[in-house]
């Protein structure tokens, strides 16, 4: 899915372009709409831990940044979000050609947004759930 609102897509794209760590990691914005965001990360050797699977930090960053972008879609102009807390369940090894993530805002609020995300490993046609992520995003002054 892609956003139906080009202005919203451009606003969220700036969140990705403005984060050097995320850009260096290779995280790609796939689609965005009001209350949701989808991303992908082509897996390379630099993303793997000693056992040959995606590092937990990579999976966490993918989920966190995607969730933050989803939360940003429900913020009015002049406000942005930062992660206040998160929990991640790493269910299976992150393997495949790429990781994909979809985040959805469960409950937007004036000061806090609750967001969840799922991370999948994609190998050919096979798609396997790798992680479940739940976060609280704090709404602060600022704009992207």
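Here, each number is a calculation from the coordinates, and none is a lab measurement. What you are looking at is a predicted structure, and each value in this text was computed from that prediction instead of being measured. A quick note on method: Cβ atoms are made from the backbone with ideal geometry, for glycine too, and the neighbour counts reach across all protein chains shown.
Odds and ends about this structure:
- All C-alpha pair distances within segment 31-109, sorted into 5 Å bins from zero, spread as 3, 15, 24, 22, 16, 11, 6, 3, 0 percent across the bins.
- Relative contact order (%) - segment 89-132, alpha-carbon pairs under 8 angstrom, separation at least six: 45
- Protection proxy ranking of 95-101, 83-89, by the mean of other Cβ atoms within 10 Å over each peptide's residues and highest first, is 95-101, 83-89.
- The angle between the Cα long axis of helix 56-72 and the main principal axis of the chain comes to about 20°, on a 0 to 90 degree scale.
- Relative contact order (%) - criterion: Cα under 8 Å, at least six apart; region: the chain: 24
- Projected onto its three principal axes, the C-alpha set of segment 1-53 covers 41, 22, 14 Å, listed from the longest axis down.
- Residue order, fewest to most beta carbons within 10 Å, for 25, 34, 137: 34, 25, 137
- Based on the reciprocal of the average 1/r between different C-alpha atoms, the Kirkwood radius for the chain equals 15.0 Å.
- Relative exposure of 53, 114, judged by other C-beta atoms within 10 Å (fewest first): 114, 53
- In degrees, nearest ten, helix 6-17 long axis to first principal axis of the chain (Cα): 60
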